[in-house]
Amino acid sequence: MGAYIRRVDATVEPLSTADAKSFLRVVDSAEDSDVDRCVKAAREHLEAWTSRLFITQTWDYFTDDFTESLCLYKAPIASISSVKYIDYSGTLVTLDPSRYQQDLTSEPARLAPVYAMPWPVTRRDLNAVQVRFIAGYGADGSAVPTNYLQALRYCTKHFYDNRDMVISGVIATEVPKTLDAVVFPLKVW
């Protein structure tokens, strides 16, 4: 298992303010900034929960060493920007792309050395292997599958309806089961 760090976040949200307001039944513009914050929080929550990235983002994956097949638990991955490793002398080296093969179709995506060539030997340092990749359904929300957008609407509504830390006189509720039903099949396992 390794660590993921987002280097470049989405520049737009897949759900427009107008679409979110329509779903929330908000008619005036006084709540626009709250709606936009809820959309962003809902997107980030669903991305963390499912490991699916709605809008194009740049991520780094860190692990201590190469394994037979490196699995990247984010989807969909559009491209691998670089694979770097710390060699025996402590130098950060960029691995030539001709030395590894990519399977960006599978979920999770995989990287493996090319036939008859092993992965290079890394120094026994923490996070000695670094993979930078681009993932997401595109630069805007137009290519995000409909069921993902519906999950985003449900989650946005939950966050919008439950903006206060403490609500007196109301029974606390969890994220609706409808959202669970929509999101569960989307998770990258």
Of Lys84, Lys74, the only residue that is charged (D, E, K, R) and within 9 Å of the chain's Cα centre (by Cα) is Lys74
Mind counting the residues in segment 121-143 that are over 30 Å from Asp87 (Cα atoms) and among the polar types (S, T, N, Q)? 1
Looking only at strands (runs of 3 or more DSSP E) that lie completely in segment 54-152, which have at least 1 residues being surrounded by 15 or more Cβ atoms within 10 Å (Cβ to Cβ) and either of a type outside the set (S, T, N, Q) or at pLDDT below 95 (or both)? 57-63, 70-72, 77-86, 100-103, 109-113, 129-135
Given (1) under 15 Å from the mean Cα position of the chain (by Cα); (2) among the aliphatic types (A, V, I, L, M); (3) in the same structural domain as Asp161 (by TED's automatic domain parsing), where does Ala18 come up short, assuming only one miss? (1)
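The values are calculated or read from the model by the stated rules, or taken from the named source; none is laboratory data. As the structure is a computational prediction, the values presented were derived from the model and not from experiment. Positions of Cβ are generated from backbone atoms using ideal geometry, with glycine treated the same way; all protein chains shown enter the neighbour counts.
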